[in-house]
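Below is one structure; the comments refer to it alone.
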């Protein structure tokens with residue numbers, strides 16, 4: 001049985017358990033997970049029973065038939081044909097007033113808005129409610145790909161850190177990070193790199209700007225390469241030039257708390273235990289009053305995926321098990337007047353504890 | 001009166017005309033348009049009357065107060081505080097069962113899903129219904145920034161095209177395009193570059209892959225840099241090595257039809273007229289049977305914005321007026337067995353016709 005047949009069998013079991021009559025696949029990641037095919041604009045109506053319908057751009061039909069196990073492939077040439085195919089499939093499968101999942105996590109907002117508006121009678125749930133029950137646990141091959149992505153992240157981080165110097169812009173640092181990651185095989189970004197220096201290191205997820213890095217600036221760098229569909233997520237903070245005593249203390253607080261958490265973590269912990277442990281570790285260290293406890297999220301086909309307690313508080317009760325891959329250190333320690341610090345690694349939960357896939361030097365450099 | 005006061009006055013007029021009681025701002029672009037401040041995670045409840053409420057990460061509060069005209073700024077340190085502020089603001093402003101806009105075009109799907117779910121009684125509309133009435137028309141300064149972005153796009157295109165050679169991967173071409181654009185000042189991507197070669201040139205918007213470019217492959221390159229918040233959108237197609245006669249013909253069909261459309265376009269045309277004209281121009285040329293008529297969308301703060309007839313068929317009736325900026329050539333001519341071809345430019349509608357901001361060589365090279 002191919003891995004896709006096995007996945008389909010398990011997906012259908014989860015659908016039955018959760019009372020989901022169908023899932024609509026619009027995101028690249030879930031489409032790939034079900035078919036093994038990489039395609040950006042495929043749309044699939046996947047019922048709990050019976051044949052799924054795949055709707056693709058007409059020039060992609062032949063390749064889709066060759067690359068996937070899907071039999072009912074419907075080609076479109078203009079948006080009204082695309083919509084027509086979709087509504088026919090929903091009607092044929094008797095789904096218009098049923099419980100149907102949509103890829104809300106990996107599609108743009110307007111697709112969700114339109115889907116909700118055009119399907120007013122369905123009970124809309126998230127496709128991830130079904131698929132993440134499987135995707136959270138990674139196979140050996142998936143883990144190998146994540147190791148590859150982790151290596152790429154480290155190359156990007158090295159290039160970025162080596163570029164940091166007084167007079168260099170955040171943008172130039174991002175340029176070197178992206179270039180090094182592309183050359184190492186990154187095919188896209190979970191999200192573009194963040195390079196936040198000086199006062200911008202205090203921002204929450206702050207893109208990249210034209211700001212010039214100055215001596216004494218902390219520089220928070222966060223990279224999220226995707227290679228062969230799998231992501232890594234890694235962050236480091238450096239100081240341009242000599243760090244102050246206060247910067248050393250704040251950086252050390254984050255580094256120590258993150259390290260203690262990685263070392264303590266055991267399968268069987270709940271997601272919320274990671275946050276509680278790291279919060280507790282920080283509270284024994286300087287500047288913990290600025291602590292923002294949101295330290296963990298899943299990593300896999302997406303650079304942020306289930307479990308994701310910052311987006312879904314109920315994920316705090318998910319139990320961490322071997323073969324799950326999560327990021328440890330997602331949050332930041334923003335100390336006003338001193339800087340924001342983050343050290344984040346993608347780790348694999350093992351039988352004994354966890355293994356960090358990203359291992360780049362963590363101490364303030 | 002500052003440009004932001006003037007914008008707010010006009011936004012409120014549109015809100016009153018359209019019966020929108022408030023808009024919720026979650027996207028970077030609309031937040032910037034209203035405040036002049038660049039910030040990724042700001043959330044604003046902006047009522048038709050009375051003070052707007054701005055909800056920001058606690059370390060950003062001071063800067064937000066300094067950089068913007070907003071008086072009611074509420075800081076948060078964890079997600080439940082953020083949500084608390086949001087629901088308080090909605091309640092105080094008596095919006096929980098009113099007509100409220102949300103930034104569905106520039107936010108990720110799960111934010112739209114959650115907003116809809118947590119606000120079941122509001123009549124949800126798109127914030128763009130209000131803001132794009134203004135944003136579609138660009139000021140002199142906005143146009144200058146788009147010229148800057150257009151120059152950056154051209155530098156990226158030049159670097160990409162110079163990299164195309166047998167044995168080079170799509171990924172390496174994208175690496176050079178991104179690097180050249182970053183170095184020229186691009187601070188992020190409307191969406192990452194597309195580099196689609198050979199059979200992948202037939203795909204609809206197909207990312208970048210590890211595929212190796214071979215002699216005779218058409219290579220479709222599409223770049224979307226953002227600089228100082230404004231985007232450009234440009235695509236070119238080249239053939240690696242000597243193009244075949246068929247490739248020359250197909251490329252020429254697209255180049256000629258796009259050129260004729262740019263030359264014919266006059267203010268007063270409707271958006272749908274552009275598509276009809278370009279479709280008609282193509283129909284006199286070879287391979288027009290593979291024509292996919294979707295040739296125009298707005299460009300500005302977003303690389304794809306209003307008017308956007310492929311997403312909103314009703315936009316076909318929007319009248320093109322001077323100071324609007326659109327892309328001409330969005331679609332593709334995918335000729336099975338021969339290749340997909342696209343030539344796309346960001347143009348400014350003028351009093352006389354249109355001026356192409358991106359002018360890079362369009363003929364098959």
Q: Compute the long axis of helix A:140-163 from its Cα atoms, compare it with the longest principal axis of the Cα atoms of chain A, and write down the angle in degrees, 0 to 90, nearest 10.
A: 40 degrees
Q) How far is helix A:271-283 tilted off the main Cα axis of chain A, in degrees rounded to 10, range 0 to 90? A) 10 degrees
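For B:197, B:106, which order do you get if you count the other beta carbons within 10 Å of each Cβ and list the fewest first?
B:106, B:197
Across peptide B:58-68, what mean number of C-beta atoms from other chains lies inside 10 Å of a residue's C-beta? Provide the component values of the computation, followed by the final result.
Numbers: counts 6, 12, 7, 1, 3, 4, 0, 0, 0, 0, 0.
Averaged over the peptide's residues, the number is 3.
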Q: Take the Cα atoms of the protein assembly as shown, build their convex hull, and give its volume per residue in Å³.
A: 146 Å³
Q: Using R₀ = 56 Å, calculate the FRET efficiency as 1/(1 + (r/R₀)^6) where r is the Cβ-Cβ separation of residue A:361 and residue A:91; round to 0.05.
A: 0.45
Q) If you average the sequence gap of Cα pairs under 8 Å that are 6 or more apart and divide by the length of the range B:210-365, what percent do you get for the contact order? A) 28 percent
Q: Answer rounded, prolate or oblate for the range A:163-309, using the Cα gyration tensor with square roots of eigenvalues a ≥ b ≥ c: rounded when a/c is under 1.5, else prolate when a/b is larger than b/c, else oblate.
A: oblate
Q.
Would you work out the Kirkwood radius for the range A:3-135? I mean one over the mean of 1/r across all pairs of different Cα atoms, in Å.
A. 14.7 Å
Q. If you count the DSSP beta bridges with both ends in the range B:40-118, what percent of them are antiparallel, to the nearest 5?
A. 40 percent
Q: Mind listing the label-point distances from residue A:244 to the same position on all other copies, shortest first, one decimal in nm, points 7 Å along Cα→Cβ?
A: 6.7
**Q.** Inter-chain Cβ neighbour average for residues A:200-208, partner chain, 10 Å
**A.** 5
Q.
Taking a point 7 Å out from Cα toward Cβ as the label site, list the nm distances between residue A:141 and the same residue in every other copy, smallest first.
A. 5.4
**Q.** Taking the C-alpha atoms of chain B, convex hull volume expressed per residue in Å³
**A.** 141 Å³
**Q.** residue A:137-residue B:242 FRET efficiency (beta carbon distance; Förster radius 41 Å; 0.05 resolution)
**A.** 0.25
Q: For chain A, set up a Gaussian network in which alpha carbons nearer than 10 Å are linked by springs, and say which option among A:83, A:44, A:132 fluctuates the most.
A: A:83
Q. Fewest first, what order do B:73, A:208 take by the number of other Cβ atoms within 10 Å?
A. B:73, A:208
Q. Share of antiparallel DSSP beta bridges in the range B:322-365, in percent to the nearest 5?
A. 100 percent
Q) What percent do you get for the relative contact order of chain A when only Cα pairs under 8 Å and 6+ apart count? A) 13 percent
Q. By how many degrees, between 0 and 90 and to the nearest 10, does the Cα long axis of helix A:109-118 differ from the longest principal axis of chain A?
A. 30 degrees
**Q.** Fully extended contour minus Cα-Cα distance, from residue B:83 to residue B:6, at 0.36 nm per residue
**A.** 24.7 nm
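How would you rank A:217, A:97, going from fewest to most other Cβ atoms within 10 Å of each one's own Cβ?
On the way: A:217 24, A:97 12.
Lowest count first: A:97, A:217.
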Q) Label-to-label distances across copies for residue A:9, with labels 7 Å out along Cα→Cβ, in nm, shortest first? A) 7.0
(Q) Which one, A:222, A:103, A:233, has the greatest fluctuation when you compute a Gaussian network model over chain A with C-alpha springs under 10 angstrom? (A) A:103
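Normalised by the residues of the range A:22-157, what does the relative contact order come to in percent, with Cα pairs under 8 Å and at least six apart? Walk me through the numbers on the way to the answer.
Working: 180 pairs, mean separation 28.7, N = 136.
The normalised contact order for the range A:22-157 reaches 21 percent.
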Q) When you look at the Cβ of every residue in A:109-120, what mean number of other chain Cβ atoms sits within 10 Å? A) 6
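Place the peptides A:34-42, B:176-184 in order of packing, highest mean first, counting for every residue the other Cβ atoms within 10 Å and averaging per peptide.
My ranking of the peptides, most packed first, is B:176-184, A:34-42.
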Q: Mind giving me the nanometre distance, one decimal, between the label points for residue A:17 and residue A:210, set 7 Å out from Cα along Cα→Cβ?
A: 5.3 nm
(Q) Quick check: pseudo-label points 7 Å beyond the Cα along Cα→Cβ at residue A:351 and residue A:72, how many nm apart are they? (A) 4.4 nm
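Every number here is computed from the coordinates shown, using simple stated rules; none is lab data. Since the structure is predicted, the reported quantities are computational estimates derived from the model, not experimental observations. Please note: Cβ atoms are built from the backbone with ideal geometry, for glycine as well, and neighbour counts cover all protein chains shown.
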